[in-house]
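Q: This is the structure I have questions about; it appears just below.
The values are calculated or read from the model by the stated rules, or taken from the named source; none is laboratory data. Treat the numbers as computed from the prediction; the structure is a model and nothing was measured. Positions of Cβ are backbone-derived with ideal geometry, glycine not excepted, and every protein chain shown enters the neighbour counts. To get the accessible areas, we keep the full protein, side chains included, count just its heavy atoms, and leave off ligands, DNA and RNA. Shrake-Rupley method; radii C 1.70, N 1.55, O 1.52, S 1.80 Å.
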There are 2 protein chains.
Amino acid sequence: LLSDSNARLAAARGLTSSRGRRETGRFLAEGPQAVREALRRPDLVVELFATAAGLAKHAELLEPARSAGVPVDEVSDKAAAGLSETVTPQGLVAVCNRFTRSLAQVLAHEPKLVVALVGANDPGNAGTILRTADAAGADAVIFTGNSVDPYNGKCVRASAGSLFHVGIAVVDDPAEVLTAAAGAGLLTFATTGAGAIDLDQLDLAPPTLWLFGNEARGLPEDVLQAAGVRVRVPIYGRAESLNLASAAAVCLYASARAQRP
Amino acid sequence: LLSDSNARLAAARGLTSSRGRRETGRFLAEGPQAVREALRRPDLVVELFATAAGLAKHAELLEPARSAGVPVDEVSDKAAAGLSETVTPQGLVAVCNRFTRSLAQVLAHEPKLVVALVGANDPGNAGTILRTADAAGADAVIFTGNSVDPYNGKCVRASAGSLFHVGIAVVDDPAEVLTAAAGAGLLTFATTGAGAIDLDQLDLAPPTLWLFGNEARGLPEDVLQAAGVRVRVPIYGRAESLNLASAAAVCLYASARAQRP
């Protein structure tokens, strides 16, 4: 059992902050699903911390960890809770290396379906969109315009393992994303309640970059201007709008359906 | 300014618990959007509590409240936080009467699109599904099989006002919902990862009841057996499944699209 004041444990605790993750290039993946997916990728997991209960419950993960040369240490319930950004700590946390790629890398292999989050700041929404993008067969999710850190604990958790499946890039300037997307042959569809074109009227078969904005403010005006088409998800009832992750699910599944024969 | 120990304030605080809501038939609607929608329905709002900042920021809501004969009382920031189930209290909370209808009532007028949540227990997901159901033009959302209380503060908040737009029924036994839906001429589509029929293969034009299950366990076996069709939302990538609210968005928008000419 590691002491609660162990130095590696203290360093891991620092990864619950965005700054700690940025400075070290590492992040935390909590819970059996995230840890399992992380262990499937080579050289991603640095070390694994687990409570006695976590070790007993998820014994099937110990063998892949050991064969990958990943140290596994038992920690107290209190220490595990200190590594958790969720209400119910899972008793199992992996310290991982970030694996963000460049914009050029995620757009390199003739992508058909790509998502850009522009200023999205709810980590739960971002993680849910990662999961939906993966389910819809998207190639990559690009975080831009001061969006939430994709390696935020709540985002990792909400992605339910999909963080490890899709290409991820973090790009400061949305204009750079639009230029690169055009260069990669992607149409750019910007979602906005004030969009001139209804989702159901679009030809969704061509390779597409979907742009989703901030939960409250939507997409910035310059991004709306620069995007190819401004698209409205139709509202048939009395709701003012859809939740960001729900709107993304409707758009990405419409694309996935249209892009398949 | 009401004292923090005021009796009406104490009674309102009791509505942050499911038991308090059940025993009094009341619930709390927090924030300007929910309060605005609640005030639009007659006899729904019992009283309104607001902080000084809340009163100043949302002055446009005071006139409708007063003309509806709804008492408005200023409370301290601490008292307002005590009425809040969210991380960032909004400084504006309405005490409302529950307005749940019977199963017969929500199915009375030839409904075309109805949702049943069976054992869904995440209030954020439930509220997001209420919002999506409203946006997709659904007639009603039925909470059954020990689903979360629709008047839970987090559910009210996530519904973004849509709680006040769609018919809501709470029914203990899912079997009763299936029988009533059949009687109302609805096809019943049960969503499950193991569904034999792909969403894209279904004729979604007829009047439909969509069944969504628990976030972790899905729908109970007896409900799956009794439902007309077991439907799978296709997974094109490597995700194991979709988030419940994202799956609901994909299904409900597919129905809304198919039911319109």
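Q: Tell me the Rg and the Dmax, in Å, that the Cα atoms of the protein assembly as shown produce.
A: Rg and Dmax of the protein assembly as shown, Cα atoms, are 23.8, 71 Å.
Q: In square nanometres and to one decimal, what's the mean projected area of the convex hull around the Cα atoms of the range B:134-198?
A: Computing the convex hull of the Cα atoms and averaging its projections yields 5.7 nm².
Q: With the convex hull built on the Cα atoms of chain A, state its orientation-averaged projected area in nm².
A: So the mean shadow area of the Cα hull is 14.8 nm².
Q: Using square roots of five times the C-alpha gyration tensor eigenvalues, list the equivalent-ellipsoid semi-axes of the range A:45-103 in whole Å, biggest first.
A: Value: 21, 17, 9 Å, ordered largest first.
Q: As a test of the definition: with a 1.4 Å probe, what buried accessible area, both sides summed, do you compute for A against B, in Å² to the nearest 100?
A: In total, this chain pair buries about 2700 Å².
Q: Say R0 is 22 Å: what FRET efficiency, to the nearest 0.05, do B:Glu60 and B:Arg98 get from their beta-carbon distance?
A: 0.25
Q: Moving on. Going by amide H atoms built from the backbone, whose H comes under 5 Å of the H on A:Asn214, apart from near neighbours?
A: Distant-sequence amide H within range of A:Asn214: A:Leu219.
Q: Go ahead and set up a Gaussian network model of chain B, Cα springs under 10 Å, then flag whichever of B:Ala34, B:Ala104, B:Ala116 fluctuates most.
A: Highest fluctuation among the options: B:Ala104.
Q: Chain A: which residue's Cβ hugs the A-to-B rotation axis most tightly, distance rounded to whole Å?
A: Reported as residue, whole Å: A:Ala249, 2.
Q: Suppose each label sits 7 Å from its Cα in the direction of the beta carbon; what would the A:Glu240-A:Thr88 distance come out to in nanometres?
A: Taking the two extended label points, one gets 3.2 nm.
Q: Determine the per residue accessible area of the protein assembly as shown with all protein chains present and a 1.4 angstrom probe, expressed in square angstrom.
A: Value returned for the protein assembly as shown: 41 Å² of accessible area per residue.
Q: Let me see the pair-distance distribution of the range B:73-164: every alpha carbon pair, 5 Å bin width, integer percents in order.
A: 3, 13, 21, 22, 18, 10, 7, 5, 1, 0
Q: On to the next question. Rounded to the nearest percent, how much of the accessible area of the protein assembly as shown (1.4 Å probe, protein heavy atoms only) is carbon and sulfur?
A: 49 percent
Q: Still on this structure, I have one more. Highest mean first, how do A:39-49, A:181-191 rank when packing is the count of other Cβ atoms within 10 Å averaged over residues?
A: A:181-191, A:39-49
Q: Determine the shielding of peptide B:135-145 by partner chains: average, over its residues, the number of Cβ atoms on other chains within 10 angstrom of each Cβ.
A: What the average comes to for B:135-145 is 3.
Q: Mind checking the mean number of beta-carbon atoms from other chains within 10 Å of the Cβ atoms in A:224-237?
A: Taking all residues of A:224-237 together, the mean is 3.
Q: Let me ask something additional. Given a 10 angstrom Cα cut-off, can you work out which residue in B:Asn146, B:Asn243, B:Asn125 is the most mobile in a GNM of chain B?
A: So, out of B:Asn146, B:Asn243, B:Asn125, the one fluctuating most is B:Asn243.
Q: Using helices alone, I'd like the mean residue ellipticity at 222 nm for the protein assembly as shown: each DSSP H run of four-plus residues gives -39500 (n - 2.57), total over residue count, nearest 500.
A: Dividing the helical sum by the residues of the protein assembly as shown leaves -10000 deg cm²/dmol.
Q: Hey, another quick one. Using alpha carbons only, what's the Rg to Rh ratio of the range B:1-105 with Rh from Kirkwood?
A: So for the range B:1-105, dividing Rg by the Kirkwood Rh gives 0.96.
Q: Ranked highest first by average number of other Cβ atoms within 10 Å, how do A:219-225, A:136-142 line up?
A: The peptides rank, most packed first, as A:136-142, A:219-225.
Q: Which distance in nm do the two modelled labels at B:Glu176 and B:Ser67 give, with both placed 7 Å along the Cα-to-Cβ direction?
A: 4.0 nm
Q: Here is a further query. Taking the label point as lying 7 angstrom from Cα along the Cα-to-Cβ axis, what are the distances from B:Thr88 to the corresponding position in the remaining copies, in ascending order and in nanometres?
A: 2.7
Q: Quickly work out the B:Glu74-to-B:Ala52 label distance, labels modelled 7 Å from Cα along the C-beta direction, and quote it in nm with one decimal.
A: So the two model labels end up 0.6 nm from each other.
Q: Across every pair of different alpha-carbon atoms, what Kirkwood hydrodynamic radius in Å does the range A:184-237 reach?
A: 11.5 Å
Q: Okay, next question. Select from A:Lys154, A:Lys78, A:Lys112 the residue whose mean-square fluctuation is largest in a Gaussian network model of chain A (Cα-Cα springs shorter than 10 Å).
A: Between A:Lys154, A:Lys78, A:Lys112, it is A:Lys78 that shows the largest mean-square fluctuation.
Q: Taking R0 as 35 Å, what FRET efficiency do you get between B:Thr16 and B:Ile197 from their Cβ-Cβ distance, rounded to the nearest 0.05?
A: FRET efficiency, B:Thr16 to B:Ile197: 0.25.
Q: How big is the shadow of the Cα convex hull of the range A:127-256, averaged over all directions, in nm²?
A: 7.6 nm²
Q: Same structure, new question: Could you state the number of Å between the C-alpha centres of the range B:22-44 and the range B:199-261?
A: The distance from the Cα centre of the range B:199-261 to that of the range B:22-44 comes to 30 Å.
Q: So, in Å, what gap is there between the alpha-carbon centers of the range A:47-62 and the range B:140-171?
A: 38 Å
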